[in-house]
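J.: Structure incoming, see below.
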Amino acid sequence: ASADDSSASVALFSAGNGSIPQSWEAMTFPKIKEHTHYKAVRETENGPWIVEASSQAGAAGLMHRTQIDIVRTPVLRWRWKVEGVLLKGDARTKEGDDYPARVYLIFDPDLDELTFFQRAGLRVARGLYGDVPGRAISYLWASQLEQGAVVDSPYAGSFAKLVAVKSGDADAGAWHVETRDVAADYRRLFGSEPAPLVGVAIMTDSDDTKEAVRAWYGDIRFLSRDELSRDELSGEDALDAN
């Protein structure tokens, strides 16, 4: 996608017509043998196509590589639903680093932005865990972490910030529309202007907790602040949530 694309910046699941759009590629991990299963399903009998994710002690994601100008289109909007949360899920520990659903943004900062110790830490993290992003924000449906809380990734450290957009199972079983100002979040979380966004991923996993979990994802879009205002005036949130 180019910076000129706005409200359709991310490949839309509803356009898949029975399959996950080809621009979404599997994101797997060498040491994890069991993978999360993703498939296109209809939300209702004649409703839009969405993605269903199911994990039985597994992990894998779907990633869409992109080049979105989040200064121009900073507002991320998506829909999701979970069946329930993970009893042992805890974003603060490696043993509990599983989530029924998350939307993951991958950034590619200029390494000059990082301190010497951050650059050294990134090299170590990549040596241990593979392709650790230069910076990432993961919007979580958390199991235990309090809604609104932010913690560093147990695996990637301060390079990946985990934000609990939803928490617990009180809202499970129903669709929810989420809206985040990514540019503002980036500045708050990393203390600098946003780096180029190079990937958007979804991920449902339970490899650490060894539990079973299921979630559903609707379309993911980036909007300008003006477009967000128009959407809200048109009542799109109410329509999307049904």
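The values are calculated or read from the model by the stated rules, or taken from the named source; none is laboratory data. Here the structure is a predicted model, which means the values were calculated and not measured. With ideal geometry, Cβ positions are generated from the backbone for all residues, glycine too; neighbour counts draw on all protein chains shown. Note: areas computed on protein heavy atoms with side chains; ligands, DNA, RNA excluded. Shrake-Rupley method; radii C 1.70, N 1.55, O 1.52, S 1.80 Å.
J.: State which residue pairs qualify: first residue in contact (Cβ under 8 Å) with a residue 24 or more places away in the chain and inside region 54-83, second residue polar (S, T, N, Q) and not in a loop (DSSP other than H, G, I, E, B) in any location, beta carbons under 6 Å apart, and separation of 6 or more residues or different chains.
T.: Arg77/Thr179
J.: Taking Ile20, is it within 17 Å of the chain's Cα centre (by Cα), open to solvent by less than 30 Å² (accessible area, probe 1.4 Å), at pLDDT 90 or above and among the β-branched types (Val, Ile, Thr)?
T.: no
J.: Under 6 Å by Cβ, and 6 or more places apart or on different chains, what pairs join a residue from region 24-37 that is in a strand (DSSP E or B) with one that is open to solvent by less than 70 Å² (accessible area, probe 1.4 Å) and modelled with pLDDT of 80 or more?
T.: From residues that are in a strand (DSSP E or B), the pairs are Trp24/Leu62; Trp24/His64; Glu25/Met63; Met27/Gly61; Met27/Met63; Met27/Ala201; His37/Ser54.
Yes or no, residue by residue, for (1) open to solvent by 10 Å² or more (accessible area, probe 1.4 Å); (2) touching a Ser or Thr at 6+ places or on another chain (Cβ under 9 Å); (3) not polar (S, T, N, Q):
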residue: Ala164; (1), (2), (3): no, no, yes
residue: Gly168; (1), (2), (3): yes, yes, yes
residue: Ala172; (1), (2), (3): yes, no, yes
residue: Trp175; (1), (2), (3): yes, no, yes
residue: Gly191; (1), (2), (3): yes, no, yes
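J.: Also, quick follow-up: Restricting to region 190-212, give me the number of residues that are among the hydrophobic types (A, V, I, L, M, F, W, C), over 16 Å from the mean Cα position of the chain (by Cα) and either closer than 18 Å to Ser153 by Cα or part of a loop (DSSP other than H, G, I, E, B) (or both).
T.: Number of matching residues: 2.
J.: Of the residues Ala53, Ala91, which is within 17 Å of the chain's Cα centre (by Cα) and part of a loop (DSSP other than H, G, I, E, B)?
T.: After ruling out the rest, the residue left standing is Ala91.
J.: Also, quick follow-up: Looking at (1) closer than 22 Å to Ile220 by Cβ; (2) in contact (Cβ under 8 Å) with a residue 40 or more places away in the chain, find the lone condition where Ala15 falls short.
T.: Single failed check for Ala15: (2).
J.: What tally of residues in region 26-47 results from selecting those that are in contact with a strand residue (DSSP E or B) (Cβ under 7 Å, 6 or more places away or on another chain) and either at pLDDT 90 or above or surrounded by 17 or more Cβ atoms within 10 Å (Cβ to Cβ) (or both)?
T.: Qualifying residue count for the region: 9.
J.: Also: Is it fair to say Tyr139 is in contact with a Ser or Thr (Cβ under 8 Å, 6 or more places away or on another chain) and either at pLDDT 70 or above or over 19 Å from Tyr38 (Cα atoms) (or both)?
T.: no
J.: Pairs only if they're at least six apart or on different chains, beta carbon under 6 angstrom, first in region 149-164 and outside any strand (DSSP E or B), second crowded, with 17+ Cβ neighbours inside 10 Å and modelled with pLDDT under 85; list them, first residue then second.
T.: Listed by first residue and then by second, the contacts come to Pro154/Asp97; Ala156/Ala125; Ala156/Val132.
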